[in-house]
Amino acid sequence: MEKKRIKIFDTTLRDGEQSPGCSMNLQEKLELAKQLEKLNVDVIEAGFAISSPGDFKAVREIAKMIKNASVASLARTIKKDIDAAYEAVKYAKYPRIHMFIATSDIHMKYKLKMEPEVVYQRAVEMVTYAKKLCADIEFTCEDATRTDKDFLCRVIEGVIEAGATVINIPDTVGYTVPKEYYELIKYVIKKVKGIDKVDISVHCHNDLGLAVANSLAAIEAGATQIECTLNGIGERAGNAALEEIVMTLDTRKDIYDYYTKIETRNIYPASQLVSKLTGVKAQPNKAIVGDNAFAHEAGIHQHGVLVNDKTYEIMRPESVGIARNKMILGKHSGRHAFVDYLSKLGYELSEQNLEDVFKQFKLLADKKKVVSDLDLVALVSQKQLEVPKTYELDTFIINSGNVISSMCSVKVRKDGQLIEGVSVGDGPIDALFNAVESIVGYKIRLKDYGLNSVTDGKDAQGEAYVKIEYKDVVYHGRGLSVDIIQASVLAYIDAVNQVIHYGL
């Protein structure tokens with residue numbers, strides 16, 4: 001029997017970005033959209049165009065850039081939302097308007113304060129309106145799994161007749177269980193006239209930890225599109241994780257007669273990019289992309305993997321873009337080997353970026369005996385997200401201890417000139433940030449700061465993440481160094497450069 005293709009609708013840039021602390025600026029969204037196109041997703045939900053001028057601009061610029069996937073914008077069943085969505089996506093090669101209205105009793109009564117008949121009429125009327133603007137219309141019955149089944153079917157039939165091309169039956173609050181969801185999708189397919197002429201989509205939240213299981217149950221029931229996010233990020237407990245759904249279908253071909261177009265070796269680079277952009281790292285035991293996903297500590301496990309990796313690995317790490325250290329990279333490694341290794345990790349850089357990253361690699365290799373895959377991913381990601389360096393770190397000196405206030409001197413370069421800032425603070429990091437702020441002269445509010453170790457060991461690179469607010473807009477900065485203090489000041493200066501590049 002011929003396998004059936006499942007379309008992947010990625011909503012990392014819309015629902016994923018709604019996770020607390022996961023907002024992204026325009027350049028970051030464009031960078032992630034490029035990675036999603038390399039991943040070969042079918043649909044990129046680029047944002048909610050009406051929600052803010054920034055979201056509108058991001059959707060529009062992504063629509064202009066993406067050539068191989070549909071680009072969608074979310075909209076309520078309101079004309080101004082639909083108009084904004086269309087104005088943003090109309091530049092796309094394959095534009096889509098994604099509309100939604102709640103259909104469950106609890107949502108209609110308490111949130112919408114609308115009678116079911118009014119909801120039905122609104123849905124049909126607005127799909128009819130949107131269809132005049134855009135050929136591809138996705139319609140979502142919000143909170144479908146808590147909706148009366150017969151009313152759900154009536155709404156779906158009505159919007160199909162009005163021109164909807166995709167019907168989304170979401171588990172909006174992560175309430176359903178796989179058997180129940182399977183039966184709901186089957187019921188809709190059986191009862192709704194014209195359902196065979198549209199794609200059936202599902203969008204599962206993870207409040208009970210069942211988002212992926214429910215998505216797989218929906219596929220077996222007849223769903224043809226899965227809505228998901230990288231690393232499973234999203235509202236509350238998140239969404240179904242793209243990597244888990246895709247690799248389940250790929251690994252268990254004996255069970256599932258389905259496939260996706262996803263270029264699986266680009267999964268890990270995409271996951272890492274999301275972590276870099278949001279500052280939210282996937283948990284170590286996260287399936288497929290977590291740091292421990294292919295790690296083996298128990299002696300019995302290690303012995304088994306050394307003899308035959310299939311003893312404890314049901315998929316090869318290379319299949320998702322995690323290359324094993326078959327080649328040792330160090331300070332004696334040449335450019336050709338470096339380029340080849342990056343290619344195996346799924347990265348293709350411009351000549352200039354490649355040259356810059358190679359130089360950084362050589363500097364790092366002088367400080368570390370072995371440069372790991374994760375070190376390279378960090379270097380490449382850092383380069384991909386760079387903005388013009390208005391300020392560049394020259395030197396810093398810190399005087400700190402547990403019985404004195406920390407004092408710091410920082411020198412930066414701007415337009416070839418050295419500028420020095422001196423400040424005190426509640427610890428060395430606070431003193432550093434105060435010194436940089438005294439140089440640039442902007443009123444900056446630090447919203448978040450964090451440090452991650454890129455690899456294990458005392459020679460590991462430290463990756464610093466800074467989130468600052470300037471004039472009510474949030475900017476992210478990143479810094480990378482084997483010296484965590486240096487990484488921190490680099491991150492803060494990067495955030496300042498983001499302000500200058502995007503906000504001034």
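The values are calculated or read from the model by the stated rules, or taken from the named source; none is laboratory data. Since the model is a prediction, treat every value here as computed from it, not as a measurement. Neighbour counts are summed over all protein chains in view; Cβ atoms, including those assigned to glycine, are modelled from backbone coordinates with ideal geometry. Keep in mind that these areas ignore ligands, DNA and RNA; they rest on the heavy atoms of the full protein, side chains included. Shrake-Rupley method; radii C 1.70, N 1.55, O 1.52, S 1.80 Å.
Surface exposure of the range 184-302, expressed per residue as accessible area with a 1.4 Å probe, stands at 39 Å². Positive end of the dipole of the chain, charges at C-beta (+1 Lys, Arg; -1 Asp, Glu), about the Cα centre: which of VAL474, VAL454, CYS134 has its Cα farthest in that direction? Result: CYS134, furthest along the dipole toward the positive end. Couplings for the range 10-19, taken from phi via the Karplus curve 6.51 cos²θ - 1.76 cosθ + 1.60 with θ = phi - 60°, read 9, 10, 4, 6, 10, 5, x, 5, 6, 4 Hz in order; Gly and Pro are left as x. Charged neighbours of LYS389, selected by a Cβ distance under 10 Å, balance to -1 (K, R count +1; D, E count -1). In this entry, the range 366-458 is assigned a mean projected area of 8.2 nm², taken as a quarter of its C-alpha convex hull surface.
Over the range 120-240, the fraction of Cα-Cα pairs per 5 Å bin, rounded to whole percents and listed from the shortest bin up, is 2, 13, 23, 24, 18, 13, 7, 1. Per residue, the Cα convex hull of the chain amounts to 175 Å³.
Rounded to the nearest 500, the 222 nm mean residue ellipticity of the chain from helices alone is -12000 deg cm²/dmol, with -39,500 (n - 2.57) taken per DSSP H run of at least 4 residues.
Close amide H partners of SER405, meaning residues 5 or more places away or on another chain with modelled amide H under 5 Å apart, do not exist here. Each DSSP beta bridge with both residues in the chain is either parallel or antiparallel, and the antiparallel ones are about 50%. Note on ASP105 and ASP291: their simple-model spin labels are 4.9 nm apart, each label 7 Å out from Cα toward Cβ.
The alpha carbons of the range 20-89 occupy a box of 34, 27, 19 Å along the principal axes, longest dimension given first.
Whole-Hz Karplus values for the range 83-97 come out as 4, 5, 4, 5, 4, 7, 8, 5, 7, 6, 5, 10, x, 9, 9 Hz, taken residue by residue from phi with 6.51 cos²θ - 1.76 cosθ + 1.60 and θ = phi - 60°; glycine and proline positions read x. Highest mean first, the peptides 434-442, 270-278, 100-108 sorted by other C-beta atoms within 10 Å per residue fall in the order 270-278, 100-108, 434-442. For GLU161 and ASN40, the FRET efficiency from 1/(1 + (r/R0)^6), where r spans their Cβ atoms and R0 equals 45 Å, is about 0.85.
Across the chain, C-alpha contacts under 8 Å between residues 6 or more apart give a mean separation that, scaled by the residue count, equals a relative contact order of 10 percent.
Amide H contacts of GLU263: ASN40, each under 5 Å away and 5 or more positions distant or on a separate chain (H built 1.01 Å from N in the peptide plane; Pro and chain starts excluded).
Annotation: amide H-H contacts under 5 Å for GLY174 (H modelled 1.01 Å from N, sequence separation of 5 or more, or interchain): HIS205, ASP207.
For the range 21-69, the list of trypsin sites (Lys or Arg not before Pro) that fall in a loop by DSSP and count at most 13 other C-beta atoms within 10 angstrom reads LYS67. Spin-label model, ILE419 to TYR187: label points 7 Å out along the Cα-to-beta-carbon direction sit 6.4 nm apart.
Label-to-label distance for ALA237 and ILE255 is 2.0 nm, based on points extended 7 Å past Cα in the beta-carbon direction. Here the calculated FRET efficiency for ARG335 and LYS3, from their Cβ-Cβ distance with R0 = 45 Å, stands at 0.60, rounded to the nearest 0.05. For the range 220-293, the Cβ-based charge dipole about the Cα centre amounts to some 300 debye (Lys, Arg positive; Asp, Glu negative; other atoms uncharged).
Applying the Karplus relation 6.51 cos²θ - 1.76 cosθ + 1.60 with θ = phi - 60° to the range 103-112 yields 3J(HN,Hα) values of 10, 7, 4, 5, 6, 5, 6, 9, 9, 7 Hz, where x marks Gly and Pro. Applying 1/(1 + (r/R0)^6) with R0 = 35 Å to the Cβ-Cβ distance of ASP150 and LYS79 gives a FRET efficiency near 0.75. Convex hull volume of the Cα atoms of the range 69-189, normalised per residue: 103 Å³.
For the chain, with all protein chains in place and a probe radius of 1.4 Å, 51% of the accessible heavy-atom surface sits on carbon or sulfur. Neighbours of GLY450 by Cβ distance under 13 Å: Lys/Arg scored +1, Asp/Glu scored -1, total +3. Solvent-accessible surface of the range 68-122, taken per residue with a 1.4 Å probe and all protein chains present: 48 Å². Computed about the Cα centre, the dipole magnitude for the chain is approximately 680 debye when only Lys and Arg (+1) and Asp and Glu (-1) carry charge, each at its Cβ.
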